[in-house]
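Note sheet for the following structure.
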Amino acid sequence: ETLLHVKDVARAILISLKSKKNLSIFNVGNSKQNYSKKDVINAIGKFLTLKNITYSKQNIADKRDYKVSFQKIFKDLKFKTKFNLNYGIKEIISFLKKNKKNNLYDKKFSNI
């Protein structure tokens, strides 16, 4: 699946709102940011020591087959993503370290 940082989503919205072009629908993302769950775990492992990680021995193949193109938003608005998976992981780790005294399960940190 393609992962996309919320900062890139916000940038895409702002760029499209500032554009003089007619309203349009865009796929926002970067085809170089397609990751499996295992890829994400391995990326996190570059920054943290991960223990007790196990993978299912079941061979569960995702039968969905689709490709999403991000060419339209680049062609029409010259939009490219800036934030990658490693940036997001480091950002979350930094936040958690700064807030380790807080109970992150507290209602003030929830939107439900």
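The values are calculated or read from the model by the stated rules, or taken from the named source; none is laboratory data. Worth saying up front: this structure is predicted, and the values here are computed from it rather than measured. Positions of Cβ are generated from backbone atoms using ideal geometry, with glycine treated the same way; all protein chains shown enter the neighbour counts. Just so you know, the surface numbers come from the protein's heavy atoms only, side chains and all, with ligands and any DNA or RNA stripped out. Shrake-Rupley method; radii C 1.70, N 1.55, O 1.52, S 1.80 Å.
A straight Cα-to-Cα reach below 20 Å connects Lys18 with the lysines Lys7, Lys72, Lys75, Lys78, Lys80, Lys82, residues fewer than 8 places away in its own chain not being considered.
Once C-alpha pairs closer than 8 Å and six or more residues apart are averaged by separation and normalised to the residue number of the chain, the relative contact order reads 40 percent. Dipole magnitude for the chain: computed about the Cα centre from +1 point charges on Lys and Arg Cβ and -1 point charges on Asp and Glu Cβ, it is near 360 debye.
Report in % the part of the accessible area of the chain that belongs to carbon and sulfur, leaving out ligands and nucleic acids; probe 1.4 Å. Please list the in-between numbers first.
Values: 5450 of 9970 Å².
Carbon and sulfur atoms account for 55 percent of the accessible area of the chain.
Over the chain, accessible surface divided per residue gives 89 Å², non-protein components excluded, 1.4 Å probe. Proximity of backbone amide H atoms, modeled 1.01 Å from N, is registered between Phe79 and Phe74 at under 5 Å, excluding neighbours fewer than 5 places apart on the same chain.
Classify the chain: rounded, prolate or oblate, from the alpha-carbon gyration tensor (a ≥ b ≥ c, eigenvalue square roots; a/c under 1.5 rounded; otherwise prolate if a/b is larger than b/c)? Here the chain falls in the oblate category.
Give the peptides 10-19, 46-55 in descending order of average Cβ contacts within 10 Å, highest first.
Numbers: 10-19: 13.4, 46-55: 8.1.
Packing proxy ranking, top to bottom: 10-19, 46-55.
Calculate, in nm to one decimal, what Asp39 and Ile60 gain on full extension: separation in residues at 0.36 nm each, minus their alpha carbon distance. Before the final figure, lay out the partial values.
Values: separation 21, 0.36 × 21 = 7.56 nm, distance 1.58 nm.
In short, 6.0 nm is gained.
Shape verdict for the range 56-112, please, from the Cα gyration tensor: rounded (a/c under 1.5), prolate (a/b greater than b/c) or oblate.
Numbers: a/c = 2.41, a/b = 1.38, b/c = 1.75.
Since a/c reaches 1.5 but b/c is at least a/b, the shape of the range 56-112 is classed as oblate.
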